[in-house]
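Q: Have a look at this one.
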Amino acid sequence: MDQQSLLGKVSYCSMTMAREDFYGPDGPGFKYRTRLVLNGRDSNKSITGAATAVSSSLPPSQVKFFVRMAQHDSTQALPIAALVQAFGWREVVIIHDDSDSGIVLIPYLTDAFQEIDVKVRHRLVLKTTKSSINKALHKITKQIGTRVFIVHLPFSLSKWFFMNVHKAGMMEKDYVWIITSELTNCLCYMDSSIFKTMQGVLGVQTFVPESERLDDFKVRWKRRFRRQFPDIEILDLDAYSLWAYDTVWLLAMAAEKTSFQLNQPFNSPNSQNLMGLDVSPSGANYLKSILGTKLQGLTGDIQLVGGQLQSTDFQIVNVLGNGGRSIGYWTPHADLSRSRSSKDLKKNYSANADDLDGIIWPGGSTTAPKGWVFGRKLKIGVPVKTGFSEFMKVDIDPIDNKTVASGFCVDVFEKVMSIDYLHYPVLLEYFEYDNGHAGEPGYYDELIYQVNRKKFDAVVGDTTIIANRSIYVDFTQPYAESGVSMIVPIQYDYVTKSRWWYTKPFKWNLWLAIFLLCGAKGFLVWLFERKDNIEEFGGEWHQQLGIIFHFSFSLLVFAQREKLKTNYSRVVVVVWTLLVFLIVTSYNANLTAMLTVEKLQPAITDMNSLIRNGDYVGYPNASFLLEHLKHMGFSEDKLRPYATVDEYADALSRGSSNNGVSAIVDEIPYIKIFLKKYCDKYTMAGQTSRTGGFGFVFPKGFDMVPDVSRAVLNLSESSDMSDIQNKWFGSGTTCPDSLETPITDKKLSWIAFLTAFAIAGGIALFALGAFLSEDRWKPWVERLISKVSQNLRQVFQNLRRPSKVPPTSPPPADDQVHEPQQEATTPGTAPLEPTPSHINGDPDNSNNGERRADSARREDGSSAMEAVPANDAGGHEIIEGEWAKTVSAKKIDVGVILDQQSLLGKVSNCTMTMAREDFYDGPGYNYQTRVVLNGRDSKKSIIGVASAGIIIIIIG
């Protein structure tokens, strides 16, 4: 230990008293045969010195002999995170030194904060110099808006740190300071001058349960320490000094359990053994005893697991006056709680501020700080726009010459960056980007690239998320969905301009299918009726041809008038009537729809037709759509840029032939703005190409992007977004709802009736087949009907006659088993087994149910198990063997795979056969089922087992 430090002196005094108490007359080790000797070494005020002092008596191969009698650093990460979560702070700053002990806790803290969605805004690493401390504090006050600080510093550095914090005015209202157990456990060693600089600090402290034994020890320890160091005043003992006491007791108890070979020579020290001590060969046994020893110490239950003390409970303290005041506790099961009562410790796991007592914060405030101050300002670049001011408008304030931005995009951005959604404050300052090329192609790309050059912290505007821009900047989640479509003029009287407008509801292939089916129907009816219905379907050939044509198409217009005599004709006509009803109603509905919405038909429905015709096409200036259209195949000399809604309307009204355009390609949000004003003349048409939508632009890897994206999603799901949209775009429109579903071709093809045609055709073909083969099947059907009629007549006659009830015989007893007659046998002989003629009446013994126990090897290499029953003529099992009594039972085939060439396989085969015989001779005698064992040879391999199993499943 560091014998020059206060903690080292305190711990050494505790360990000395521990040895005296343990081996004293009243101690548990008074009669022990062993005595522990403490050999102290100075660590020279460094962790490296401590490791050297300890390891100097151990060779490198025995690193396992290090035992840690203190809490692991990771155990305090969760209590600290619970404190932050309880007060709803979203960001923290971690301050630690560059030593090993200062770094080891940081990964655990970071993981704990990540679990509760708290962001580590910065990590400040201090060196042991005042200049390093002042530089870190300056960075906190000038650059960081977060005001929640986690301090993980050693005792020696902490007092200088908090003195400078107090001088810098950072121990005031709105600041939060949380110290780790490394410092909180040592509060008892601080003097009043340090406490004055730490008022309101929170800390996690190792929990030590109170006891009479602990109180008695503290009294004796203070008396002893005051005699040794009269000039040092100690307020209380910390957990480290108490662990030192318990360590001595643990080592003494373990030493008594260890069998030391005292007459065995020690190993000689090597060159790395700086202390010059011999090494005991019994060290491994001693370590085993240490790890296996448990005791009730001053700090509670002492148990080592993996060489590490198991201690997980903490106390939450608030620095006030000249010490730390307990305000709550933390346990792994209950999280934060006011007390350690059974009620509080059994509550549900939670981290709330109500689970703690009242806290006095820095500056004497009793109100929990928000955890942040206005300390971060972003430079926001905005584009210069001449049209569509609903999205973005930029003005210059004549008084202070500052940029003033407004519009839908700005309102969404400012709402997202507000404390309601971002949860921490950010100051915004807008800057207009005017490079002299506003409105020209590539302007937006150049504006976005300024973020990559660090000229702006962000860009706000109607910036579309596309792949090539995301290479050098980061976009947030889209706050407005987008896509690319085109605006075209409405073409009036689209349907009725054609002379054949009444054929438009159906495509030509459907008309052709209808005519073919009509002709086929007329021909079939004529074929079925021409013999038996001369009155309607007779006459000369030209008369019959006219009847076929008339019958084919008359049903489309009026009801059927001809009398039909054959069932074939009736079936065909009924099915055709249903099909005609479906066709006629579909025609009427589609024609009505076309005539009703004819004014909404666009003049152009396909961009490819614009390319083929060489028409001029408009696009928004300064937009990425220029490259998009060129990529689609448009020639650049056929593309014309426009900026405003009115310019769009003017260009469309003039058309390609009059220095205008035939269509304008733009993103859907702009199209909606245009159609809100001009929906009576223009509409949206064609396929929609999806884009990434509108997003805010930040530098690559910018730490705020995830927070802003999350805020955008939250805003999109709230009513605030609807309010912003209504403010700039209005709540509704009087235009027809044609934007979301661009008008396309609604003609029906034969595919729409494919199922109906297939059903009707199938029934007609069936009727035709029945008609042509009537001479073959009709006599057979008539005989069948006659026979069925006779049987039914006989049944009805029997039902009318009085029934004669035959005399009944008493049923057999439950324990009586019906047995077939078999030859008598002399006493002491086994009953005869059934001969092949007894089984299923099969003289060839070919019944599949016969499997004899003594049968020869099968052709597939397998053998049947013994005592396998056969089946009787009724398909029931006949149990063979000494107990062969015929029982009506259901056969259950079971596959048995054994290595039949091995001794174990033969023994198992015999055992299973006897087991079956004994079971059905005993408890299973009256069972309604019989197990049939089907044996297969595994051929001494796993593959053989699988093969035999497959054979059993396939062939039984």
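The values are calculated or read from the model by the stated rules, or taken from the named source; none is laboratory data. None of the values given here were measured: they were computed from a predicted structure. Every residue, glycine as well, gets a Cβ built from its backbone with ideal geometry; the counts of neighbours run over all protein chains shown. The area values use the complete protein model at the heavy-atom level, side chains included, leaving out ligands, DNA and RNA. Shrake-Rupley method; radii C 1.70, N 1.55, O 1.52, S 1.80 Å.
Q: Here are Ile671, Ile583: which of them is open to solvent by less than 20 Å² (accessible area, probe 1.4 Å) and in contact with a helix residue (DSSP H, G or I) (Cβ under 7 Å, 6 or more places away or on another chain)? It would help to see each step written out before you state the result.
A: Details: Ile671 fails: in contact with a helix residue (DSSP H, G or I) (Cβ under 7 Å, 6 or more places away or on another chain).
Exactly one of Ile671, Ile583 is open to solvent by less than 20 Å² (accessible area, probe 1.4 Å) and in contact with a helix residue (DSSP H, G or I) (Cβ under 7 Å, 6 or more places away or on another chain), namely Ile583.
Q: When the residues of the range 380-400 are filtered to those that are surrounded by fewer than 16 Cβ atoms within 10 Å (Cβ to Cβ) and within 26 Å of Asn452 (Cα to Cα), which remaining residue is farthest from the chain's Cα centre (by Cα)?
A: Ile396
Q: Has the range 87-100 got at least one residue that is among the aromatic types (Phe, Trp, Tyr), in contact with a helix residue (DSSP H, G or I) (Cβ under 7 Å, 6 or more places away or on another chain) and within 16 Å of Ser181 (Cα to Cα)?
A: Among the residues of the range 87-100, not one is among the aromatic types (Phe, Trp, Tyr), in contact with a helix residue (DSSP H, G or I) (Cβ under 7 Å, 6 or more places away or on another chain) and within 16 Å of Ser181 (Cα to Cα), which makes the answer no.
Q: Moving on to the next point. Can you tell me which residue in the range 410-429 is farthest from Leu626 (Cα to Cα), limited to those that are in contact with a strand residue (DSSP E or B) (Cβ under 7 Å, 6 or more places away or on another chain) and crowded, with 18+ Cβ neighbours inside 10 Å?
A: Within the range 410-429, the match that is farthest from Leu626 (Cα to Cα) is Tyr424.
Q: Now for a separate question. Quick one: is Ala767 surrounded by 10 or more Cβ atoms within 10 Å (Cβ to Cβ), at pLDDT 80 or above and in contact with a helix residue (DSSP H, G or I) (Cβ under 7 Å, 6 or more places away or on another chain)? Before you say what the answer is, go through the steps one by one.
A: Working: surrounded by 10 or more Cβ atoms within 10 Å (Cβ to Cβ): yes; at pLDDT 80 or above: yes; in contact with a helix residue (DSSP H, G or I) (Cβ under 7 Å, 6 or more places away or on another chain): yes.
When the stated conditions are applied, Ala767 passes them.
Q: So Ser485 passes all but one of these: (1) open to solvent by 20 Å² or more (accessible area, probe 1.4 Å); (2) of a type outside the set (A, V, I, L, M); (3) in a strand (DSSP E or B). Which condition number does it fail?
A: (1)
Q: Let me ask you something else. Give the residues of the range 646-676 that are within 45 Å of the chain's Cα centre (by Cα) and either assigned to a helix (DSSP H, G or I) or farther than 18 Å from Asn621 by Cβ (or both), sorted by residue number.
A: Answer for the range 646-676, where residues must be within 45 Å of the chain's Cα centre (by Cα) and either assigned to a helix (DSSP H, G or I) or farther than 18 Å from Asn621 by Cβ (or both): Ile668, Pro669, Tyr670, Ile671, Lys672, Ile673, Phe674, Leu675, Lys676.
Q: Search the range 199-228 for residues being among the aliphatic types (A, V, I, L, M) and part of a helix (DSSP H, G or I), and hand back the single one that is most open to solvent (accessible area, probe 1.4 Å). I'd like the intermediate steps shown before the answer.
A: Here is the first cut: in the range 199-228, the ones among the aliphatic types (A, V, I, L, M) are 201-202, 204, 208, 214, 219.
Going one step further and asking which of them are part of a helix (DSSP H, G or I), we end up with 214, 219.
Values: Leu214: 6, Val219: 83 Å².
Step by step, filter the range 199-228, then rank; the result is Val219.
Q: Same structure, new question: Could you please tell me which pairs satisfy a Cβ distance under 6 Å, a separation of 6+ or placement on different chains, a first residue in the range 462-485 that is within 26 Å of Met684 (Cβ to Cβ), and a second residue that is among the β-branched types (Val, Ile, Thr) and open to solvent by 40 Å² or more (accessible area, probe 1.4 Å)?
A: From the range 462-485, the pairs are Gly483/Thr688; Ser485/Thr688.
Q: For Ile952, indicate whether it is at pLDDT below 80 and hydrophobic (A, V, I, L, M, F, W, C).
A: yes
Q: How many residues does the range 77-107 hold that are touching a residue at least 24 places away in the same chain (Cβ under 8 Å), more than 19 Å from Val201 (Cβ to Cβ) and in a helix (DSSP H, G or I)?
A: The total comes to 5.
Q: Next question, about the same structure. Restricting to the range 75-106, count the residues that are more than 28 Å from the chain's Cα centre (by Cα) and small (Gly, Ala, Ser).
A: 3
Q: Return the total of residues in the range 693-739 being modelled with pLDDT under 80 and either more than 24 Å from Leu595 (Cα to Cα) or under 32 Å from the mean Cα position of the chain (by Cα) (or both). Before you say what the answer is, go through the steps one by one.
A: Start the filter on the range 693-739 by keeping residues that are modelled with pLDDT under 80, which leaves 703, 731-739.
Those still in the list that are either more than 24 Å from Leu595 (Cα to Cα) or under 32 Å from the mean Cα position of the chain (by Cα) (or both) too: 703, 731-732.
The number of residues fulfilling the criteria is 3.
Q: Oh, and also: Which members of the range 245-261 meet the condition of being out of contact with any Ser or Thr (no Cβ under 6 Å at 6 or more places or on another chain) and closer than 11 Å to Tyr32 by Cβ?
A: Scanning the range 245-261 gives a single hit, Ala252.
Q: Inspect all residues belonging to the range 118-129 and state whether any of them is polar (S, T, N, Q), open to solvent by 50 Å² or more (accessible area, probe 1.4 Å) and either under 17 Å from Leu157 (Cα atoms) or more than 37 Å from the chain's Cα centre (by Cα) (or both). Step through it out loud before you land on a result.
A: Just the residues of the range 118-129 that are polar (S, T, N, Q), to begin with: 128-129.
Among the residues that remain, those that are also open to solvent by 50 Å² or more (accessible area, probe 1.4 Å) are: 128-129.
Checking which are either under 17 Å from Leu157 (Cα atoms) or more than 37 Å from the chain's Cα centre (by Cα) (or both) leaves us with 128-129.
Within the range 118-129 (the criterion being polar (S, T, N, Q), open to solvent by 50 Å² or more (accessible area, probe 1.4 Å) and either under 17 Å from Leu157 (Cα atoms) or more than 37 Å from the chain's Cα centre (by Cα) (or both)), the answer is yes, since at least one residue qualifies.
Q: Taking Leu447 as the residue in question, decide whether it is more than 19 Å from Ser716 (Cβ to Cβ) and at pLDDT 90 or above.
A: On the way: more than 19 Å from Ser716 (Cβ to Cβ): yes; at pLDDT 90 or above: yes.
It is true that Leu447 is more than 19 Å from Ser716 (Cβ to Cβ) and at pLDDT 90 or above.
Q: Taking only the range 292-337 into account, find how many residues are touching a residue at least 60 places away in the same chain (Cβ under 8 Å), closer than 28 Å to Trp249 by Cβ, outside any strand (DSSP E or B) and open to solvent by 10 Å² or more (accessible area, probe 1.4 Å).
A: 6
Q: Mind listing whichever residues of the range 197-218 are within 30 Å of Ala168 (Cβ to Cβ) and hydrophobic (A, V, I, L, M, F, W, C)?
A: Matches in the range 197-218: Met198, Val201, Leu202, Val204.
For (1) of a type in the set (Phe, Trp, Tyr); (2) at pLDDT below 80; (3) under 60 Å from the mean Cα position of the chain (by Cα), each residue gets a yes or a no:
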{"site": "Val473", "(1), (2), (3)": "no, no, yes"}
{"site": "Glu481", "(1), (2), (3)": "no, no, yes"}
{"site": "Lys504", "(1), (2), (3)": "no, yes, yes"}
{"site": "Trp508", "(1), (2), (3)": "yes, no, yes"}
{"site": "Ala513", "(1), (2), (3)": "no, no, yes"}
{"site": "Glu535", "(1), (2), (3)": "no, yes, no"}
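Q: Of all residues in the range 1-40 being among the charged types (D, E, K, R) and outside any loop (DSSP other than H, G, I, E, B), which is least open to solvent (accessible area, probe 1.4 Å)? Break it down into steps so the answer makes sense when it comes.
A: Going residue by residue through the range 1-40, those that are among the charged types (D, E, K, R) are 2, 9, 19-21, 26, 31, 33, 35.
The next check asks that each one be outside any loop (DSSP other than H, G, I, E, B); those that pass are 9, 19-21.
Numbers: Lys9: 58, Arg19: 80, Glu20: 92, Asp21: 40 Å².
Among those that are among the charged types (D, E, K, R) and outside any loop (DSSP other than H, G, I, E, B), it is Asp21.
Q: Applying the selection to the range 599-645, what residues are among the aliphatic types (A, V, I, L, M), touching a Leu at 6+ places or on another chain (Cβ under 8 Å) and under 13 Å from Val484 (Cβ atoms)?
A: Step one: of the range 599-645, the residues among the aliphatic types (A, V, I, L, M) are 600, 603-604, 607, 610-611, 617, 622, 625-626, 629, 632, 639, 643, 645.
Subsequent filtering for residues that are touching a Leu at 6+ places or on another chain (Cβ under 8 Å) retains 604, 617, 626, 629, 639.
Scanning the range 599-645 gives Val617, Leu626, Leu629.
Q: Still on this structure: Failed condition for Ala622, given (1) in a loop (DSSP other than H, G, I, E, B); (2) among the hydrophobic types (A, V, I, L, M, F, W, C); (3) open to solvent by 20 Å² or more (accessible area, probe 1.4 Å), with all others met?
A: (3)
Q: A follow-up question, please. Name, by its number, the condition in (1) more than 32 Å from the chain's Cα centre (by Cα); (2) surrounded by fewer than 16 Cβ atoms within 10 Å (Cβ to Cβ); (3) under 14 Å from Gly692 (Cα atoms) that does not hold for Ala467.
A: Exception for Ala467: condition (1).
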